[in-house]
Amino acid sequence: ADDPELNVHPLRDPQAEDRREKAPRALAAGDASAAADALNQALLLMPDDPAVLQERAEVALLQGQYDRAEALSRKAFDVGSKVGPLCRRHWATIEQSRLARGQAENAASAKAQIASCTVPGLKRM
């Protein structure tokens with residue numbers, strides 16, 4: 001089958017992955033602070049993992065830390081593949097953080113970047 005989109009999946013450090021997996025459970029329990037702590041611990045082990053950076057950015061957004069959310073998403077974009085679903089999440093988080101700070105014009109420019117993250121998948125014969 002043809003993949004509709006190119007999607008890059010990095011290799012993960014098992015210790016960082018263990019800490020990373022705690023975050024969704026904490027969020028499900030309504031504890032954004034515990035989720036942030038778990039992701040911070042994962043980032044200590046893998047400081048340039050774009051997925052962990054993005055997940056931490058999204059928790060920062062939930063916590064109302066809009067500057068931090070944007071900074072983390074920008075770093076995730078800078079070290080990431082710049083295509084695929086994760087790329088779209090980076091720009092969507094940046095857009096939302098800007099909207100929350102009342103920067104509608106800057107938010108629109110971030111929203112426009114989302115489309116550039118989609119790259120068609122490979123045609124297989």
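Using the heavy atoms of the protein chains and a 1.4 angstrom probe, tell me the accessible area per residue for the chain in square angstrom.
58 Å²
Accessible area, 1.4 Å probe, largest first: how do D49, D18, D67 sort?
The most accessible residue leads, giving D67, D18, D49.
Whole-Hz ³J(HN,Hα) for each residue in segment 90-102, computed from phi via Karplus 6.51 cos²θ - 1.76 cosθ + 1.60 with θ = phi - 60°, x for glycine and proline: what do you get?
Once θ is set to phi - 60°, the couplings for segment 90-102 become 4, 5, 5, 5, 4, 4, 5, 5, 5, 4, 5, 8, x Hz.
What distance in nm separates the two pseudo spin-label positions at R101 and Q15, each 7 Å out from Cα along the beta-carbon direction?
Taking the two extended label points, one gets 3.4 nm.
Please report the base-10 log of the normalised intensity I(q)/I(0) for the chain, using a Debye sum with one equal scatterer per alpha carbon and no solvent, at each q in 0.10 (1/Å).
Normalising to I(0) and taking log10 leaves -0.33.
In sequence order, what are the phi-derived ³J(HN,Hα) couplings for segment 68-74 according to the Karplus relation 6.51 cos²θ - 1.76 cosθ + 1.60 with θ = phi - 60°, rounded to whole Hz, with x for glycine and proline?
5, 4, 5, 4, 5, 5, 5
At 0.36 nm per residue, minus the direct Cα-Cα distance, what do V79 and A112 gain on full extension? Give it in nm, one decimal, please.
Roughly 9.9 nm would be gained on extension.
Please give the peptides 34-44, 50-60 ranked by average Cβ packing (other Cβ atoms within 10 Å per residue), highest first, as a rough proxy for protection.
By packing density, highest mean first, the sequence is 50-60, 34-44.
The values are calculated or read from the model by the stated rules, or taken from the named source; none is laboratory data. Just so it is clear, the structure is predicted and the values come from calculations on it, not from any experiment. Using ideal geometry, Cβ is built from the backbone for each residue, glycine included, and neighbour counts are taken over all protein chains shown. Surface areas here come from the heavy atoms of the whole protein model, side chains and all, with no ligands, DNA or RNA. Shrake-Rupley method; radii C 1.70, N 1.55, O 1.52, S 1.80 Å.
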